[in-house]
Amino acid sequence: MADVYDVIVIGAGPTGENVAKRAVRGGLTAAVVESELAGGECSYWACMPSKALLRPAAAVSEANHVKGAVGARLEVSGVLARRDKFAHYWKDDGQVEWLKNAGADFFRGAGRISGERAVKVADAELRARQAVVVAVGTRAVVPPPLAGVKPWTSREATSAHE
Ligand SMILES: Cc1cc2nc3c(=O)[nH]c(=O)nc-3n(C[C@H](O)[C@H](O)[C@H](O)COP(=O)(O)OP(=O)(O)OC[C@H]3O[C@@H](n4cnc5c(N)ncnc54)[C@H](O)[C@@H]3O)c2cc1C
């Protein structure tokens, strides 16, 4: 039998998380389906790790422009360790907890629209009384001629370990 919610959100990135929270705050029930990590691109391969990587270089540059401050330099292992912490070591327990505290049910797996206001995820069949929200974000597009040289997208750049 299907689990029934007012709103089903596919994708637990910043968009999906906020849709679910606002739906619940407005008195509706909500389920969120996520195939990878709750928090989405922003938390693990975009906003958070990119800023964590950029900040030390900016701080060193600023320090070296202050008269009397000498010798500020980057230590790569420290920069990467700080980035890992900002990306929560690519674990989403905290974000899943946030969603649950926001009042939404969480389903792990690839969501597929299987009918009118119906979503399949793993073995579960979800139905929406009101709406299915598709908040699946985007991915970098690698033009076919470049695919063979395995270029870095923002994912590889923000999660590099050396
Ligand atoms: C390098 C970089 C730096 C950035 N820095 C900033 C910044 O500083 N500030 C800022 O505001 N924005 C920044 N952005 C933009 C920000 O990352 C995006 O705007 C934001 O992640 C979009 O959120 P979203 O929820 O729409 O999509 P996403 O974050 O992509 O989330 C979509 C989610 O849907 C899931 N999903 C996809 N298909 C399915 C499916 N079938 N079933 C279940 N789940 C599915 C995905 O796994 C993903 O978790 C940056 C982007 C990049 C690339």
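Figure note: Val142, Val149 ranked by solvent-accessible area, largest first, 1.4 Å probe, ligands and nucleic acids not counted: Val149, Val142. Across the options Val32, Gln95, Trp45, the greatest Cα extent toward the positive end of the charge dipole of the chain (unit charges at beta carbon of Lys, Arg, Asp, Glu) belongs to Trp45. Global dimensions of the chain from alpha-carbon coordinates: Rg and Dmax equal 20.0, 70 Å.
If one computes the Cα centroid of segment 1-64 and of segment 111-137, what distance in Å separates the two points? The two parts, judged by their Cα centres, are 19 Å apart.
When the P(r) of segment 46-86 is calculated, the portion above 15 Å amounts to 42% of the C-alpha pairs.
Against the criterion of solvent-accessible heavy-atom surface with a 1.4 angstrom probe, Glu156, Glu75, Glu41 sort, most first, into Glu75, Glu156, Glu41. Only helices enter this figure: runs of n ≥ 4 DSSP H residues, each worth -39500 (n - 2.57), summed and divided by the residues of the chain, yield -11500 deg cm²/dmol at 222 nm to the nearest 500.
Taking all protein chains together and rolling a 1.4 Å probe, Met48 ends up with roughly 80 Å² accessible. Restricting attention to the chain, close to 35% of DSSP beta bridges with both partner residues there are antiparallel. A DSSP coil position with no more than 11 other Cβ atoms inside 10 Å describes the following trypsin sites (Lys or Arg not before Pro) in segment 54-162: Lys67, Arg73, Arg139. Counting only C-alpha contacts under 8 Å and six or more residues apart, can you give the relative contact order of the chain as a whole percent? For the chain, the relative contact order is 35 percent. Dipole check for segment 46-86: with +1 at the C-beta of Lys and Arg, -1 at the C-beta of Asp and Glu, and the Cα centre as origin, the magnitude is about 60 Debye.
The values are calculated or read from the model by the stated rules, or taken from the named source; none is laboratory data. All figures in this text were calculated on a predicted structure; none of them were measured in a lab. When we count neighbours, we look across all protein chains shown, and the Cβ atoms used for this are built from the backbone with ideal geometry, even at glycine. For accessibility, only protein heavy atoms count, side chains too; no ligands or nucleic acids. Shrake-Rupley method; radii C 1.70, N 1.55, O 1.52, S 1.80 Å.
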